[in-house]
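Visitor: Mind having a look at this structure? Questions to follow.
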Amino acid sequence: MAKYKRYDYRQRMLIPVSLEQQLMPGTLEFAIHTLVEKRMDLSVFDDKYQNDATGRSAYNPKILLKVVLLAYSRGLISSRQIERGCYENVLFMAMSCNQRPDHSTIAAFVSSMKEQIKLLFADILLVCDQEGLLGGSFFAIDGCKMSSNASKEWSGKFSDLHKRKEKIESKLKALIEDHIEIDKEERAVKEKLSARRERQVRRLEQQADKIEKWLNENDKKIGAYGKELHSNVTDNDSAKMYTSHGTVQGYNAQALVDDKHQVIVCGQAIGQGLDHENLPPVIDGAKENLECIGKDKHYFEGKVLTADSSYHSVTNINKCNEEKLDAYIPDNKFRSRDHRFASRLGDGSKSKKFTFADFQYDEDKDEYICPNGKRLKPLVKDGRHKGKRLRVYRSREKDCHHCQLRAKCLRYKNAKRRHFTYYADASGNNISQAMVKKIDTQKGRKIYPQRIGIVEPVFANIRVNKRLDKFSLRGQIKVNIQWLLYCMVHNIEKIANYGFR
Ligand code: SF4
């Protein structure tokens, strides 16, 4: 007959736990613990607490920061989950020294570190530099659109929101009329129906009040071209963004990454889906961070920067020129001009219209020659638009009238001639075209593809391994704090893997 060892779940046992020994050297949690204890200056939080004479002792910011960073590294973003972790998970217990901050303390700590977060990020960046993780010669920037804690259903222009409020009010009116009818029904039916109707009425009243209050307190959001943008009643700093997996209401999380170990030099969450104007604030933010760790204010001079075609805009290229960056930002047709993609993209016969690249510039006469061999003369040589220098060229009507290439050249069927406009630098050169030429050189084609290997793994790490797919806070300041905390976790992981060794 088989004989087994006895077991009894009712038995009790005492297990000695050393909190310190739970944090094993070489792990991410050990790196977080060591950095927060020894290499970060958390006295920046001291002014927030006014409890030296009276009041209860507060949780040490070191404990709170460690717990939050550990939680973010494990994909736990909710403060209630973090609180539960401090009760149930031995690693969280070790990190918090068996203290148990509740969810409201954790949430208040994260959302109130507006002043401190940049200094904390700079502390980690300094360690990266001291450990030799910054190459300082090649950078790549990119953005990742992520949902925020706001619904796109509550988004629209002011007129849309007014309409939505009217719709809710008319629904409310119909419900109230229904309610009066129910009053005449039998008692049992009446009680059942009226409770449900009352709940509906209350909910709709709250929604209508919320929209009305919001409309009274806020102004229209106006875009760079003077048009009204969509506002959002729940989080007006967020924006509706189009992504490969549908439309989201959220933020465009930007990261500027150094190529040596993919350390994030600057992170910023911006409520703007298009990247056309996102490069200047990120470069300025990076300069601030680098100055904080003792780098020169001309740090970016001569450094290589790559960005994808969504950044190809006059504002972004101008900023790179200002900083004397050796930037490589292609236009969205660069692949069609690259012979290496010829087999994949065909012979280009499908591309409908001529682009700027199809016109040749005659420097001596300051004229462009069109694909039909006709000349486009300057119409405006030194125009101004939003502070930028503008040039306009146009063809002659009689040249275009019988041209065989009209369909490929003119934007509209009944257009009489071809115009083209570009933003120019101080010497009159086309800013965008100069970048196109740079990208089409052998050097440009060699440097640009390196972008993918530098910046994309960073977003993969944060989105997949650290499981950040949605910001849980509202408002640009708080979302930015959350994004920077994630960037810090990423950089700390780099220190743990390549630095402390
Ligand atoms: S339409 Fe005018 S500008 Fe265009 S190719 Fe023909 S002649 Fe040249």
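The values are calculated or read from the model by the stated rules, or taken from the named source; none is laboratory data. From a predicted model like this one, the values you see are computed outputs, not experimental measurements. Note that each Cβ is placed from the backbone with ideal geometry, even for glycine, and that neighbours are counted across all protein chains shown. Only protein heavy atoms, including side chains, enter the accessible area calculation; ligands, DNA and RNA are left aside. Shrake-Rupley method; radii C 1.70, N 1.55, O 1.52, S 1.80 Å.
Visitor: So if I restrict to the alpha-carbon atoms in region 275-400, what is the Rg, and what is Dmax, the biggest pairwise distance, in Å?
Guide: Considering region 275-400 through its Cα atoms, Rg and Dmax are 19.1, 63 Å.
Visitor: Using alpha carbon centroids, what distance separates region 44-75 and region 215-241, in Å?
Guide: 35 Å
Visitor: Compute and list, largest first, the equivalent-ellipsoid semi-axes of the chain from the alpha carbon gyration tensor, each √(5λ) rounded to a whole angstrom. If you can, show how the numbers build up before the last one.
Guide: Numbers: eigenvalues 502, 278, 97 Å².
For the chain, the semi-axes come out at 50, 37, 22 Å.
Visitor: Carbon and sulfur atoms: what percent of the 1.4 Å accessible area of the chain do they account for?
Guide: On the way: 13790 of 28730 Å².
In the chain, the share of accessible area belonging to carbon and sulfur is 48 percent.
Visitor: Plugging the Kirkwood radius over Cα pairs into Stokes-Einstein for region 354-501, at a temperature of 37 °C and a viscosity of 0.692 mPa s, what D comes out in µm²/s? Walk me through the intermediate numbers first.
Guide: Numbers: Rh = 20.0 Å.
Answer from the Stokes-Einstein relation: 164 µm²/s.
Visitor: Also: Take R56, R391, R411 and sort them by solvent-accessible surface of the protein heavy atoms, 1.4 Å probe, largest at the top.
Guide: Values: R56 205, R391 25, R411 185 Å².
Ranked list, largest accessible area first: R56, R411, R391.
Visitor: Also: What whole-number distance in Å separates the alpha-carbon centres of region 444-501 and region 285-346?
Guide: If you average the Cα positions of each part, the centres end up 19 Å apart.
Visitor: Just name one of A31, M13, N51: the one whose Cα is farthest towards the positive end of the charge dipole of region 1-89 (beta-carbon charges, Lys/Arg +1, Asp/Glu -1).
Guide: Selected residue: M13.
Visitor: Using only alpha carbon pairs under 8 Å that are at least six residues apart, calculate the relative contact order of the chain and give it in whole percent.
Guide: 20 percent
Visitor: Treating the beta-carbon of each Lys and Arg as +1 and of each Asp and Glu as -1, no other charges, what is the dipole magnitude of the chain about its Cα centre, to the nearest 20 debye? Walk me through the intermediate numbers first.
Guide: On the way: 90 positive and 66 negative charges, 458 e Å.
So the magnitude is around 2200 debye.
Visitor: Can you report the principal axis dimensions of region 19-112 using only the alpha carbons, biggest first, rounded to whole angstrom?
Guide: Between the extreme Cα coordinates on each principal axis of region 19-112 lie 39, 28, 21 Å.
Visitor: While we're on this one: With Kirkwood's inverse mean 1/r over C-alpha pairs for Rh, give me the Rg to Rh ratio of region 270-341, two decimals please. Mind showing how you got there, number by number?
Guide: On the way: Rg = 13.9 Å, Rh = 13.3 Å.
With Rh from the inverse mean 1/r over Cα pairs, Rg/Rh is 1.04.
Visitor: Something else about it: Quick one: ranking V201, V380, V464 by accessible area, 1.4 Å probe, largest first, what do you get? List each step's numbers first, then the result.
Guide: Details: V201 20, V380 55, V464 100 Å².
Highest to lowest solvent-accessible surface, that is V464, V380, V201.
Visitor: Additional query: How do the peptides 286-293, 163-170, 20-27 rank, highest first, by the average count of neighbouring beta carbon atoms within 10 Å per residue?
Guide: Values: 286-293: 18.1, 163-170: 14.6, 20-27: 11.9.
Result, highest mean first: 286-293, 163-170, 20-27.
Visitor: Now for a different question. List the DSSP H helices in the chain whose Cα atoms stretch 15 Å or more along the helix axis and whose mean Kyte-Doolittle hydropathy is at least -1.0.
Guide: Numbers: long enough: 61-73 (18 Å, 1.42); 117-130 (20 Å, 1.51); 158-183 (38 Å, -0.87); 187-217 (44 Å, -1.60); 279-292 (20 Å, -0.06); 450-460 (16 Å, 0.77); 476-494 (27 Å, 0.17).
The answer, listed by residue number, is 61-73, 117-130, 158-183, 279-292, 450-460, 476-494.
Visitor: Remind me, relative contact order of region 364-410 in percent, using alpha carbon pairs under 8 angstrom and six or more residues apart?
Guide: Once normalised by length, the contact order is 29 percent.
Visitor: Ignoring ligands and nucleic acids, what accessible area does S111 show with a 1.4 Å probe (Å², nearest 10)?
Guide: 30 Å²
Visitor: Hey, can you find the accessible area per residue of the chain for me, probe 1.4 Å, expressed in square angstrom? Could you put the intermediate results ahead of the total?
Guide: Details: 28730 Å² over 501 residues.
Computed with neighbouring chains in place, this is 57 Å² per residue.
Visitor: What is the percent of Cα-Cα separations in region 348-433 that go past 19 Å? Don't jump to the answer; show the numbers that get you there.
Guide: On the way: 1440 of 3655 pairs.
Here the tail beyond 19 Å accounts for 39 percent of pairs.
Visitor: So for W483, W154, what's the accessible-area order with a 1.4 Å probe, most first? Write down the numbers at each step before the final one.
Guide: Numbers: W483 0, W154 35 Å².
Ranked list, largest accessible area first: W154, W483.
Visitor: Rounded to the nearest 20 debye, what is the charge dipole size of region 28-113 about its Cα centre when +1 sits on each Lys and Arg Cβ and -1 on each Asp and Glu Cβ? Each step should come with its number before you reach the end.
Guide: Details: 10 positive and 9 negative charges, 38 e Å.
Charge dipole, region 28-113, about its Cα centre: 180 debye, nearest 20.
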